[in-house]
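The values are calculated or read from the model by the stated rules, or taken from the named source; none is laboratory data. Predicted model only: the values in this text are computed from it and were never measured. FYI the Cβ positions are ideal-geometry reconstructions off the backbone, even for glycines, and counts take in every protein chain you see. Areas reflect the complete protein model, heavy atoms only, side chains present, ligands, DNA and RNA absent. Shrake-Rupley method; radii C 1.70, N 1.55, O 1.52, S 1.80 Å.
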Protein chains: 2
Amino acid sequence: MARPLTATERLDWLQLARSGGVGPRTFLKLLQRFGSARRAFEELPRLAREAGSEERWRRCRRDEAEAELEALGRLGCELLAWSEPGYPRRLAEIADPPPLLAVQGRADLLAAPAIALVGARNASANGRMLAQNLARDLAAAGLVVVSGLARGIDTAAHEGALAAPGLTIAVIASGIDVPYPEDNAPLMARIAATGSVVSERPLGAVPQARHFPRRNRLIAGLSLGVVVVEAAPQSGSLITARLAAEQGREVMAVPGSPLDPRHRGTNQLLRDGATLVESAADVLSALGPLGAVPKASNPRPRPSRAPAPDPPRLPLPAATAAGGDVLGRVQECLGPEPLLVDELIRQCHASTAEVQRALLELELDGRLERHPGNRVSLASA
Amino acid sequence: MARPLTATERLDWLQLARSGGVGPRTFLKLLQRFGSARRAFEELPRLAREAGSEERWRRCRRDEAEAELEALGRLGCELLAWSEPGYPRRLAEIADPPPLLAVQGRADLLAAPAIALVGARNASANGRMLAQNLARDLAAAGLVVVSGLARGIDTAAHEGALAAPGLTIAVIASGIDVPYPEDNAPLMARIAATGSVVSERPLGAVPQARHFPRRNRLIAGLSLGVVVVEAAPQSGSLITARLAAEQGREVMAVPGSPLDPRHRGTNQLLRDGATLVESAADVLSALGPLGAVPKASNPRPRPSRAPAPDPPRLPLPAATAAGGDVLGRVQECLGPEPLLVDELIRQCHASTAEVQRALLELELDGRLERHPGNRVSLASA
């Protein structure tokens with residue numbers, strides 16, 4: 001049975017999560033293997049020696065973890081751990097849930113029926129209007145609207161939900177104390193006042209390109225489904241949609257004229273089987289009973305936190321999607337220097353699809369950087 | 001084996017086809033029952049007496065038929081009969097092919113691989129541009145572009161095909177000597193000069209609202225598939241798409257923003273399973289091998305007209321789609337006075353779908369008029 005962490009355990013989790021080389025998948029594997037964050041943390045130096053990369057596995061100091069936890073407290077943020085009852089179950093189900101989630105505002109919202117609205121930063125005026133209207137109507141129907149606080153569609157979605165008036169969650173790719181883009185600092189404050197702002201990143205962290213795809217898995221993971229409003233081919237919104245599909249969530253897209261490249265991605269989603277939506281009614285109908293909001297408890301109250309006697313039981317995180325050997329070969333071939341993806345495919349003796357899958361996995365783990373001209377490199381730590 | 005009609009037989013066919021009460025389905029049933037148009041024509045008075053409606057079954061006089069055939073000849077038009085080898089096979093396959101088809105220009109085009117492009121009359125500038133580009137690229141790929149000479153999307157489709165330069169067919173709801181809309185008379189002449197103009201209606205006939213849905217079955221029937229570019233809900237283009245689906249042809253639609261009502265119909269088609277197309281490549285890929293244009297014979301030469309010894313064998317026309325009894329009850333309930341469709345459904349003791357199906361059938365036979373407020377009446381003869 002899940003129980004809240006003790007103060008000491010929360011520090012242990014934070015120390016392990018903030019140590020070098022410990023991404024979400026690794027965290028949960030270590031937790032599984034060693035039974036507690038404390039013991040896993042203590043094993044890190046040995047693991048680093050075995051792996052021959054002591055620098056990469058730099059351990060977070062106790063005082064650093066204490067300082068972050070205190071600062072979070074001063075900001076009025078909660079730090080939810082994956083094993084705790086307050087951690088949203090939908091997010092816990094994904095292949096790589098964040099071990100720790102900083103939440104500013106109402107943490108109970110994360111468990112409520114939610115729908116993600118995402119799309120292009122450079123959205124058209126029509127696209128922004130559509131997103132705003134959809135968000136307003138979905139929020140008025142009692143759904144929580146999840147988005148990423150970016151310019152364009154994301155901003156319109158948050159604004160629409162707030163105008164309903166309704167509830168919205170911003171999942172950000174920076175530390176929870178770092179508004180990004182800066183222009184949206186007032187919007188972020190308004191969201192935190194009635195809804196919630198969520199981040200898995202350390203306090204003070206600034207976002208880099210590689211953090212956005214990782215953030216997108218949280219947007220999908222918190223939601224029953226994802227609606228994409230305007231998206232260019234190869235855009236981040238399509239990554240969100242793909243992750244949502246992999247997580248078994250409903251993928252929806254708003255159609256648009258082929259003359260505007262901002263619709264190519266959404267139209268491709270429709271071709272690939274996404275549900276075509278033009279209105280909130282279409283979204284609610286696609287979600288079916290999942291999207292039905294309980295009248296009496298809207299949004300659902302937070303589950304009680306009565307401590308349970310047993311320690312949390314830790315299921316293994318889902319297996320990685322790409323074959324382990326292709327992922328390994330891709331990592332071997334890649335270095336800090338940008339390499340053409342075609343060249344990488346040749347060197348790895350794997351299919352294009354296998355290599356692309358491995359690259360997406362690395363990207364979602366924040367270990368890949370993409371460069372112009374279809375070139376990639378390992379991310380600098 | 002099919003053989004060309006003799007001059008006398010052609011007059012017989014024309015006389016029967018132009019007689020009162022003889023629509024395409026009735027024509028083929030009479031032909032089946034009596035073995036020749038001549039004998040069927042001679043039986044008309046008896047049939048009229050039996051049906052108690054002699055006025056409705058007014059027979060076309062021989063000199064009227066002769067005059068129409070001579071006038072068609074002066075206009076350089078052919079009159080193709082359903083049983084002749086030159087009659088397009090795809091059109092012959094539909095449930096209610098026209099017994100006679102007037103063709104101005106190249107009759108051999110009717111047998112070539114063709115694609116229909118249809119859509120809103122009050123199309124947006126973007127929609128017209130899309131239709132024009134699609135038609136140009138499809139015509140350049142060797143397909144014949146079929147449309148209805150209407151304002152908006154149809155006009156853009158014909159223009160695009162001509163610009164390729166490529167081949168296009170206009171199927172019109174008026175007599176082949178009556179350009180409609182009048183503004184499009186120059187376009188119609190350009191189409192007849194290199195492609196073809198087609199009509200099943202008598203010379204001099206002006207189009208009425210009820211003729212357009214009937215005409216639309218010919219657009220679909222001549223084509224491997226139908227692409228709808230912009231269509232409001234309940235518009236004629238959706239009838240074309242529905243007929244195409246019933247005829248087993250590929251139905252395709254171009255997506256568009258939900259903010260413009262001209263996209264509601266096309267987006268609904270996509271929701272119902274139409275193939276999403278953004279470019280000619282998408283259309284060609286949807287048609288698959290059907291759309292492959294033979295290199296050496298583009299467009300295919302007309303089949304030789306060597307006379308065959310046997311008289312034409314007349315397969316039964318396909319069964320009517322609606323159950324005979326519902327269609328009958330609907331006809332009994334309807335008169336010249338407009339009746340609410342809901343009231344009609346009550347009176348017929350049939351399901352909404354059955355009644356709507358019967359109404360569509362009547363409409364396609366030109367025997368229904370629709371009125372504002374969801375009311376219908378039998379068409380005045």
Checklist entry - Any residue in region A:245-253 that is within 11 Å of another protein chain (Cβ to nearest Cβ), over 20 Å from the mean Cα position of the chain (by Cα) and open to solvent by less than 30 Å² (accessible area, probe 1.4 Å)? => result no
Checklist entry - Which ones in region B:269-283 are within 9 Å of chain A (Cβ to nearest Cβ) and either aliphatic (A, V, I, L, M) or not in a loop (DSSP other than H, G, I, E, B) (or both)? => result B:270, B:271, B:275, B:276, B:277, B:282
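Would you point out which residue out of B:183, B:177 is in a loop (DSSP other than H, G, I, E, B) and among the acidic types (Asp, Glu)?
B:177
Residue by residue, here is whether (1) farther than 24 Å from residue A:368 by Cβ; (2) open to solvent by 40 Å² or more (accessible area, probe 1.4 Å); (3) part of a loop (DSSP other than H, G, I, E, B); (4) within 14 Å of another protein chain (Cβ to nearest Cβ) holds:
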site: A:198; (1), (2), (3), (4): no, no, no, no
site: A:202; (1), (2), (3), (4): no, yes, yes, no
site: A:205; (1), (2), (3), (4): no, no, yes, no
site: A:208; (1), (2), (3), (4): no, yes, yes, no
site: A:231; (1), (2), (3), (4): no, no, yes, yes
site: A:243; (1), (2), (3), (4): no, no, no, no
site: A:257; (1), (2), (3), (4): yes, no, yes, yes
Checklist entry - Scanning region A:322-361 for residues that are without any contact (Cβ under 8 Å) to a residue 40 or more places away in the chain and not in a helix (DSSP H, G or I), which turns out nearest to residue A:374 (Cα to Cα)? => result A:340
Item to check | Long-range neighbours under 7 Å by Cβ, at least six apart or interchain, first residue free of Cβ contacts under 8 Å to residues at least 24 places away in the same chain within region A:34-49, second open to solvent by 30 Å² or more (accessible area, probe 1.4 Å) and not in a helix (DSSP H, G or I) | outcome: A:47/A:57
Item to check | Hits in region B:259-277 - residues which are farther than 11 Å from residue A:278 by Cβ, surrounded by fewer than 20 Cβ atoms within 10 Å (Cβ to Cβ) and among the charged types (D, E, K, R) | outcome: B:272
Next on the checklist: Please pick out the residue among A:70, A:50 that is modelled with pLDDT of 95 or more and over 22 Å from residue A:191 (Cα atoms).
Outcome noted: A:70
Checklist entry - Out of curiosity, is residue A:62 open to solvent by 20 Å² or more (accessible area, probe 1.4 Å), in contact with a Leu (Cβ under 9 Å, 6 or more places away or on another chain), of a type outside the set (S, T, N, Q) and at pLDDT 95 or above? => result yes
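Which helices (runs of 4 or more DSSP H) sit wholly inside region A:1-108 and have at least 3 residues that are within 22 Å of residue A:172 (Cα to Cα)?
Hits in region A:1-108: A:7-17, A:24-34, A:62-74, A:89-92.
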Checklist entry - What is the residue count in region A:149-196 for residues that are of a type in the set (Val, Ile, Thr) and open to solvent by 20 Å² or more (accessible area, probe 1.4 Å)? => result 3
Item to check | Hits in region B:116-148 - residues which are surrounded by 24 or more Cβ atoms within 10 Å (Cβ to Cβ) and assigned to a loop (DSSP other than H, G, I, E, B) | outcome: B:120, B:143, B:148
Checklist entry - Hey, among B:143, B:149, B:117, which residue is more than 16 Å from the chain's Cα centre (by Cα) and at pLDDT 95 or above? => result B:143
